[in-house]
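Visitor: The structure under discussion is supplied below as structure tokens; questions concerning it will follow.
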Amino acid sequence: MKRLIIYTLIALLATVAVSIASPSNDEMMAKETAAWQAFKDKNADDFKKVVDHDMIGVYADGIADMAKEMSDMQKWDMKSFKISDYKSHSDEKDVVVSTYTVTLEGTYDGKDAGGVYNAGSVWKQENGKWLAIFHTNVKQAGGTATADAQKKE
């Protein structure tokens, strides 16, 4: 009988440990990819399933709330995106910080916006669901002009 109780307690503790553990890097990358895909597809409903209603975005052209994100979504014509170098980190069971690069092909408001961007997000678990509460991305310095300048030196 003692063994049964001990095994039951071990199983219970293992279950609790797994349930409060932070999600894996792959799980968080899947959520990040879902947010990008919904944005690319201009699918506001799917976007709002993975991004909190009071999210904040910080970009080279300013600060964005959800209303601005929805407005900007309509100005993008994103042909493709590819996430790489994805890393996530957590010190808390309900908060995850991620960093990565994303390569975009597309236009924003009719102007070329393609390139490689450094990006980061903060995710928070609310009511058992992971939602992005903060996002930032900025285009990496470089490109053709920089490469041409380096060739001349």
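Visitor: Starting from segment 52-73, take each residue that is closer than 21 Å to Gln125 by Cα and free of Cβ contacts under 8 Å to residues at least 60 places away in the same chain and list its partners that are among the aliphatic types (A, V, I, L, M) and assigned to a strand (DSSP E or B), counting only C-beta distances under 6 angstrom and pairs at least six apart or across chains.
Guide: Met66/Met55
Visitor: Of (1) crowded, with 16+ Cβ neighbours inside 10 Å; (2) of a type in the set (Gly, Ala, Ser); (3) closer than 19 Å to Gln140 by Cα, Ser88 satisfies all except one. Which?
Guide: Of the numbered conditions (1) crowded, with 16+ Cβ neighbours inside 10 Å; (2) of a type in the set (Gly, Ala, Ser); (3) closer than 19 Å to Gln140 by Cα, the odd one out for Ser88 is (3).
Visitor: For segment 93-130, which residues satisfy the criterion of being assigned to a strand (DSSP E or B) and touching a Lys or Arg at 6+ places or on another chain (Cβ under 6 Å)? If you could, list the steps in order and put the result at the bottom.
Guide: Initially, segment 93-130 is screened for residues assigned to a strand (DSSP E or B), giving 95-108, 111-112, 115-126, 129-130.
Answer for segment 93-130, where residues must be assigned to a strand (DSSP E or B) and touching a Lys or Arg at 6+ places or on another chain (Cβ under 6 Å): Val95, Thr99, Thr103, Glu105, Gly106, Tyr108, Gly115, Tyr117, Trp130.
Visitor: Condition first: of a type in the set (D, E, K, R), without any contact (Cβ under 8 Å) to a residue 60 or more places away in the chain and exposed (fewer than 14 other Cβ atoms within 10 Å of the Cβ). Now tell me which residues in segment 93-136 satisfy that.
Guide: Scanning segment 93-136 gives Asp94, Asp109, Lys111, Asp112, Lys129.
Visitor: Also, quick follow-up: Would you check which residues across segment 93-135 are of a type in the set (A, V, I, L, M) and farther than 22 Å from Met78 by Cβ and list them?
Guide: Going residue by residue through segment 93-135, those that are of a type in the set (A, V, I, L, M) are 95-97, 102, 104, 113, 116, 119, 122, 131-133.
Those that are of a type in the set (A, V, I, L, M) and farther than 22 Å from Met78 by Cβ: Val95, Val96, Val97, Val122, Ile133.
Read the figures in this text as sums done on the coordinates, not as results from a lab. Everything numeric here is computed off the predicted structure, so don't read it as measured data. All Cβ positions, glycine included, derive from the backbone under ideal geometry; neighbour counts span all protein chains shown.
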